[in-house]
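The values are calculated or read from the model by the stated rules, or taken from the named source; none is laboratory data. Just so we're clear, the structure is a prediction, and the values are computed from it rather than from any experiment. Quick reminder, even Gly has a Cβ in these numbers, built from the backbone with ideal geometry, and neighbours come from all protein chains shown. Note: areas computed on protein heavy atoms with side chains; ligands, DNA, RNA excluded. Shrake-Rupley method; radii C 1.70, N 1.55, O 1.52, S 1.80 Å.
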Amino acid sequence: MRVMGMVSGMDIEQMVTDLMQAERVPRDRYEQEQTFKGWQVEAYRELNTQVSSFDDKVFDNLLTPSSFLSRTGSSSNSDMVSVTSSSGTGHSQYTISGVEQLARAATTHSTDAISVENNGFGASQSLGDIDSLEWKKGTVQTDIVRGDGKTTSFSFGEGDDMNREHPMIVRVDGKTYEIVMDEDPSEGQVYLEPDEQVLTFTEPVANGTRVEVEYVDNDTDGRFMFAGMKTYSNEGGPVRHEDFITEEDSLQNALNTFNNSEIGINAFYDEYTDQVSVSRTETGIFYQAGEGNSEMTFEGDFFTDFLKLDNNLDQGALNAEFTVNGMRTERQSNTFSIGNLTVTLEDEFEQEVMVSSSIHTDLIVENIQEFVDTYNELVEKVHGQLMETRNRDYPPLTDQQRNELSEYEAELWDEQAQRGLLSQDRQLGNFMSQIRLNLYATVDVEGSDINHLSDLGITTSNDFRENGKLNIDEVKLRSVVEGDPEGAFKLFSQAEDGIAQNLRATLSHMGEAISQQAGGSNGRSQPHQFVIGREMNQLEDRMKDFDRRLDEKENRYYRQFSQMEQAIARANEQMGMLMNFMSGGNHMM
C-alpha cells in the first residue's frame, strides 16, 4: 500500500492514475481490436453454419432421388386395396380383382391342457418343480470350438462319454445344423463319425466362427428334454432350431429361445386355457412339394408330449390369391410389389380396383421452393454483411468503459460497434459470384429440353439491389416437372456438370475457406489453427507485453513522486533549521 502526498499535500495516487490512463490508450486499442476480432469469429462461424445448412438442403432436395423423383400411389378403393409408390416408378396402372382369399400365417396350439388336471402353472416357474414331467436321464454338456478357415473336422467332448441314444445339437454361429450319420453331408448338415466324437463339415469352417456342440453324457444325475422345430425360409428350404431343456429352465425361457431364433415363430402360454399357441411370424405357404404339408414341424418330448403339439393338425397357412390385369396369381403376403408399387390387400372382394402411380408434383415443387428460399436467405445474409460499413465512432467497449455504462446503454453501444464485421470481404464476395455462375450454368441433359434453371421457370430478380436472388414461376415449374421429372433431376444431379453437384463443390470450398479464417469446423477448434485466432493470440501477447511495460512505468512514476516527497521533506527540514538559527541569533542580540 502506497501512502504518499503527506509532505507535498498533493494527491499522488490520482495524479499517477491520470498519467497511466493516458499511457493505457494504446493498450485499450489492442483490447478493442481483440474484441472486434472475437465478434468476427462468431459472425464467420454463424455464416458457415448457414452455408452448411444450404449444402444439406441442396443434397436433400435436389440430389436424393427419393425426394426429387417422388411418386404418389392411389387406389380407386383404399378399403379394399391400399398402395404406396416409391421413386422411379413412372406412370403405371394396374387392375386388381377376384381376391378369393387373403394370405394367412400358419398357426397351431396344444390339443389339450398341458398341466395335470388342468390346474395350470406359472410360465416363469422352474420346470424342475413340475412333478408330472417325464425327464430323460443324463447331463447336458457343451463344447465350443473355433474355425480356422482350413479345418473341416472337429473333435468334441474330450474326456466325456457321449450317450449316443440321445440327440445332440450342433450350431454354427447360432445356426442349427442337421446331423447325419449314414450319408455325406450337404449344405446345412454335418456328419457325425460312427463311434467317434468327431464332426465333419462339407467345407472348412471360416476363421473365428463359433461351433457349439451340445450333447448328453452318461451321468444319470442330470435330467433333460429335447426340443426341436423346423420351418421353411422364403426360398422354401428348411430352417431348424434345437435345444435341450433342463430343470432350471422355465416354460417362458424355453419358448423365448425358439421365438428369438431364425425359424420365425411366435409361441406363448395362455394361462386361461392352459395351452401353448405357436404361429409363424410371416403369412403364406413356404414349404415345397415333398417336404410335407406343415409349415411348422415339432420334434422331441418337450413339444410333442409336454406341450401336446400335434404335427398332423392343419395349421391353416394360406397364400393370397387374386387376379392382376386379368392374370391369376398368388403371393405369400398380403403386401407385395407390382413393379415399384407396394400393394396391400385389405379384404376379399370380386370387383375391379384400379391402382396407379403418378408424379408427386407438390412434393417436388416444395423441395425446389425450399432450395430457392434457402439460397435467397444466404444471398441476403452475405451481401447484407459485405455492404455494411464499420462504425468507427463506436469502438468496442473495454471492461472499464462497460462498467461505467448501464446494461441498456452497453447493448446500444455494442449494436453499433458490431456493424461491418464482414465488411468488404473479397473472398466471400468471390464465392457468392461463383455460386451465381454455378446456378446460371447451361447443362447438356441428354434426352431432355431442360438445360437451364430458366427452363424450370426459375429466373434472377431484375432488381439489382437483391444481388441475384431467384424467383420462381410456379405454374411453369409444375408443368415442366410433371412432363419431364427425370430431365429436371439430371439438370441438378448429373455427375460432371449438374448444377447441384457443382454448387456443392463451391459450398465445400467456401466452408473450408471460412474455417481457415475463423475455425469452428473441419478440426479447427484452437485459436492457433485459424487466421483470426492467430491474430487474437498476437494481440494477447502484445497486451501482456504492454501491461508489463505499464507496470514498470507506473512504478517509475511512484518512485519519482517518492523522490519528490523526500526532496520536499529535506527542503522543509533545512528551512526549519534555518528559521530556528535565525530566530536564535536575533534573540542573542
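Yes or no: GLN427 more than 30 Å from ASP484 (Cβ to Cβ) and either in a helix (DSSP H, G or I) or of a type in the set (A, V, I, L, M, F, W, C) (or both)? Even if it seems obvious, please write down each step before you answer.
On the way: more than 30 Å from ASP484 (Cβ to Cβ): yes; either in a helix (DSSP H, G or I) or of a type in the set (A, V, I, L, M, F, W, C) (or both): yes.
Spelling it out, GLN427 is indeed more than 30 Å from ASP484 (Cβ to Cβ) and either in a helix (DSSP H, G or I) or of a type in the set (A, V, I, L, M, F, W, C) (or both).
Give the residue that is most open to solvent (accessible area, probe 1.4 Å), with candidates limited to residues of the range 462-477 that are among the aliphatic types (A, V, I, L, M) and outside any helix (DSSP H, G or I).
Among those residues, the one meeting the criterion is ILE472.
Identify the residue in the range 175-208 that is under 40 Å from the mean Cα position of the chain (by Cα) and in a loop (DSSP other than H, G, I, E, B) and, among all such residues, is surrounded by the most Cβ atoms within 10 Å (Cβ to Cβ).
Here the residue is VAL205.
Considering only strands (runs of 3 or more DSSP E) fully contained in the range 289-364, which possess at least 1 residues that are over 39 Å from the mean Cα position of the chain (by Cα) and either crowded, with 20+ Cβ neighbours inside 10 Å or in contact (Cβ under 8 Å) with a residue 40 or more places away in the chain (or both)? So that I can check it myself, show each step before the final result.
Details: elements: 297-299, 320-324, 327-331, 335-338, 341-345, 353-359.
It comes to 297-299, 320-324, 327-331, 353-359.
Please tell me if VAL25 is at pLDDT 75 or above and outside the structural domain of ALA495 (by the TED database).
Values: at pLDDT 75 or above: yes; outside the structural domain of ALA495 (by the TED database): yes.
Spelling it out, VAL25 is indeed at pLDDT 75 or above and outside the structural domain of ALA495 (by the TED database).
Could you grab me the full set of residues in the range 394-421 that are open to solvent by 70 Å² or more (accessible area, probe 1.4 Å) and among the acidic types (Asp, Glu)?
ASP399, GLU404, GLU407, GLU409, GLU411, GLU415
Determine the pairs where a residue that is in the same structural domain as ASP217 (by the TED database), located within the range 190-201, has a partner that is open to solvent by 50 Å² or more (accessible area, probe 1.4 Å) and of a type in the set (A, V, I, L, M, F, W, C) with Cβ atoms under 7 Å apart, the partner being 6 or more residues away or on another chain.
Here the result reads LEU192/MET181; PRO194/MET181, each pair linking the range 190-201 to a residue that is open to solvent by 50 Å² or more (accessible area, probe 1.4 Å) and of a type in the set (A, V, I, L, M, F, W, C).
Would you check which residues across the range 231-266 are buried (at least 21 other Cβ atoms within 10 Å of the Cβ) and assigned to a strand (DSSP E or B) and list them?
Correct list: THR231, TYR232, HIS241, GLU242, ASP243, PHE244, ILE245, ILE265.
Kindly provide the set of residues from the range 490-513 that are open to solvent by 30 Å² or more (accessible area, probe 1.4 Å) and either farther than 17 Å from TYR440 by Cβ or among the charged types (D, E, K, R) (or both), ordered by number. I'd like the intermediate steps shown before the answer.
Residues of the range 490-513 that are open to solvent by 30 Å² or more (accessible area, probe 1.4 Å), as a first pass: 490, 494-497, 501-502, 504-505, 508-509, 512.
Selection gives LYS490, ALA495, GLU496, ASP497, ARG504, SER508, HIS509, GLU512.
Failed condition for ASN572, given (1) more than 59 Å from the chain's Cα centre (by Cα); (2) without any contact (Cβ under 8 Å) to a residue 40 or more places away in the chain; (3) open to solvent by 50 Å² or more (accessible area, probe 1.4 Å), with all others met?
Exception for ASN572: condition (2).
Considering only the range 124-143, how many residues are surrounded by 15 or more Cβ atoms within 10 Å (Cβ to Cβ) and either modelled with pLDDT of 85 or more or polar (S, T, N, Q) (or both)? If you could, list the steps in order and put the result at the bottom.
Our first condition is that a residue be surrounded by 15 or more Cβ atoms within 10 Å (Cβ to Cβ); within the range 124-143, this holds for 127, 130, 133, 135-136, 138-141, 143.
Imposing the further condition that a residue be either modelled with pLDDT of 85 or more or polar (S, T, N, Q) (or both) reduces the set to 127, 135-136, 138-141, 143.
The number of residues fulfilling the criteria is 8.
Please work out which one of (1) in contact (Cβ under 8 Å) with a residue 60 or more places away in the chain; (2) in a loop (DSSP other than H, G, I, E, B) is the condition VAL211 fails and give its number.
For VAL211, the failing item is (2).
Based on what the data block shows, is GLU33 out of contact with any Ser or Thr (no Cβ under 8 Å at 6 or more places or on another chain) and free of Cβ contacts under 8 Å to residues at least 12 places away in the same chain?
Values: out of contact with any Ser or Thr (no Cβ under 8 Å at 6 or more places or on another chain): yes; free of Cβ contacts under 8 Å to residues at least 12 places away in the same chain: no.
Here the answer is no, as GLU33 does not meet what is asked.
Looking only at the range 207-220, decide whether some residue is touching a Phe, Trp or Tyr at 6+ places or on another chain (Cβ under 7 Å), within 21 Å of MET296 (Cα to Cα), at pLDDT 90 or above and not hydroxyl-bearing (Ser, Thr, Tyr). Walk me through it before giving the result.
Taking the range 207-220 as the starting set, the residues that turn out to be touching a Phe, Trp or Tyr at 6+ places or on another chain (Cβ under 7 Å) are 211, 213-214, 216.
This time we only want the ones that are within 21 Å of MET296 (Cα to Cα), so: none.
No.
Residues that are small (Gly, Ala, Ser) and under 30 Å from GLN351 (Cβ atoms): list the strands (runs of 3 or more DSSP E) wholly contained in the range 39-121 that include at least 1 such residues. Walk me through how you get there before you give the answer.
On the way: elements: 71-75, 81-85, 92-101, 107-109.
Strands (runs of 3 or more DSSP E) meeting the threshold: 71-75, 81-85, 92-101.
Just the residues that are within 38 Å of the chain's Cα centre (by Cα), open to solvent by 40 Å² or more (accessible area, probe 1.4 Å) and more than 17 Å from GLU330 (Cα to Cα), please, taken from the range 88-117.
GLY88, HIS91, GLN93 - these are the residues of the range 88-117 that are within 38 Å of the chain's Cα centre (by Cα), open to solvent by 40 Å² or more (accessible area, probe 1.4 Å) and more than 17 Å from GLU330 (Cα to Cα).
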